[in-house]
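Since the structure comes first, as structure tokens, the remarks are kept for the end.
Derivation of every value follows stated rules applied to the coordinates shown; laboratory data play no part. Only a predicted model underlies this, so the values are computations on that prediction, with no experimental measurement involved. We place every Cβ from the backbone using ideal geometry, glycine too, and count neighbours over all the protein chains shown.
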Amino acid sequence: MDTLCSLVDSSLVGPQTRRGGPRFSLLETIREYALERLREGGGWVETHDRHAAYFLALAESAAADLAGPGRLAWLDRLETEHDNLWAAMSWLVDHRPLEQAVHLLLVTWRFWWLRGHAAELARLGDDIVAGSGDLPPS
């Protein structure tokens, strides 16, 4: 691990220490450049769709255990992925069939509530309700 971090220290990727193990992030200027290139290259929608699908699948895996004995481990994992969950939800609300956003909210509400993110949970719900004219009554 120390060797990996020392390699990363001298590159365009920076290590972060978070609960759940090491994480890495791009330098902000590199991140902005990469996002710009992604937009220009036409991979923007596909990349966001894949990101949202991954985090929807992760949330579905967590859903049953959020009410059971594996709750703390999943709460920690989802807390680590908080920003990614928020980004996936925002993308689904704005760009995909709203049913997917509703589903993601339903399988993660315990996380948002139990980890003290009730205001974010309410905002997500408001965003969904604002676009709910497209939802079937069921």
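Numerical summary
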{"read-out": "Cα-based Rg and Dmax for the range 44-138, where Dmax is the largest Cα-Cα distance (Å)", "value": "12.9, 38"}
{"read-out": "For 114, 98, order by how many other beta-carbon atoms lie within 10 Å, fewest first", "value": "114, 98"}
{"read-out": "Least to most buried among 126, 65 (fewest other Cβ within 10 Å first)", "value": "126, 65"}
{"read-out": "Least to most buried among 110, 71 (fewest other Cβ within 10 Å first)", "value": "71, 110"}
{"read-out": "Spin-label pair residue 73/residue 119, simplified geometry with 7 Å Cα→Cβ offset, distance in nm", "value": "3.3"}
{"read-out": "Virtual spin-label span in nm between residue 12 and residue 45, 7 Å along Cα→Cβ", "value": "2.7"}
